[in-house]
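Each value in this text was obtained by applying a stated rule to the coordinates, not by laboratory testing. These numbers were taken from a predicted model, which means no experiment stands behind them. Here the Cβ positions follow ideal geometry from the backbone for every residue, glycine too, while neighbour counts run over all protein chains shown.
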Amino acid sequence: MAASTSEVAPPTATPASNDYAPSFFTPAEWAFLNAACARLIPNDDNGPGAVELGVPQFIDRQMGTPWAEGALWYMQGPFLEAKAEFGYQSALTPKQQYRLGIKAIDEAVQAATGKPFAALPPTEQDAWLKRIEKGEVKSDALSLKSFFGSFLLKNTMEGAFGDPLYGGNKDMAAWKMIGHPGVRADYLEFVAEAKPYPYGPVSLHGKRG
């Protein structure tokens, strides 16, 4: 069964920064990742989007953890198609999923439009992501539907709403947007209240938002 990326946090705080340079993703992959994250959680009137929250940085940092090598999972065969409740069923590590998945998507988009995914207008990017989610875009290298749902979308959500310790949710902005208290030790008296939580969030390192 796949472990959550939150189980393999770096030992010290690594909050999102404005001058971040990716250590795993190539420039073309980085362009794709930023474009895709921006469409999965866009920046709008409700609050900051995935890019503003540092989600691409979160995903890049996760590529340097044991999780990205598949070290926390049972990775021996046989590898069979099975329902989700039977756990991860691929010989590919998360690193390989991203490397092959991004390459396959960009190749499919390039063949159809003459441009890489990141160069498309947002409406066309949305259309491609919906097709990938439905399993309509195929690759001989991997299941793009699985890559989208089990990695790209899931990791984007983790990076957006996880603790800033992991490299995303910059300044706890996602928690502020949804009124989440973070890791405050006690807010039981507010659980039954039908109104917004009145205080700002607190991170694992005790920083107050």
Rounded to one decimal in nm, the spacing of the 7 Å Cα→Cβ label points at Ala84 and Thr123 is 3.1 nm
Provide the net charge surrounding Glu133, with neighbours chosen by a C-beta distance below 11 Å and charges set as Lys +1, Arg +1, Asp -1, Glu -1.
-> +2
Relative to the chain, whose Cα atoms define the longest principal axis, helix 122-134 and its Cα axis are tilted in degrees, nearest 10, by 80 degrees
Grab the DSSP H runs of the chain that are 4 residues or longer, score each as -39,500 (n - 2.57), total them, divide by all residues and round the 222 nm result to the nearest 500 deg cm²/dmol.
-> -10500 deg cm²/dmol
Rounded to one decimal in nm, the spacing of the 7 Å Cα→Cβ label points at Thr26 and Ile178 is 3.4 nm
When only C-alpha pairs under 8 Å and at least 6 residues apart count, what is the relative contact order of the chain, in percent?
-> 27 percent
What is the Cα radius of gyration of region 48-108 over 2.2 N^0.38 Å, N being its residue count?
-> 1.33
Could you tell me, in Å, what Rg and Dmax come out for the Cα atoms of the chain?
-> 18.0, 57
Cα centroid separation, region 57-133 to region 142-209 (Å) = 23 Å
Point-to-point label distance, Asn18-Tyr74, nm (Cα→Cβ direction, 7 Å offset) = 4.9 nm
Counting other beta carbons within 10 Å of each Cβ, put Ile59, Ile105, Ile178 in order, fewest first.
-> Ile178, Ile105, Ile59
Would you mind calculating the gained length between Ala111 and Arg208 on full extension (0.36 nm times residue separation, minus the Cα-Cα distance), in nm to one decimal?
-> 30.1 nm
Would you mind ranking Leu40, Leu188, Leu53 so that the residue whose beta carbon has the fewest other beta carbons within 10 Å leads the list?
-> Leu188, Leu40, Leu53
If you stretched the chain out fully between Tyr199 and Met157, how much longer would it get, using 0.36 nm times the residue separation minus the C-alpha to C-alpha distance?
-> 12.8 nm
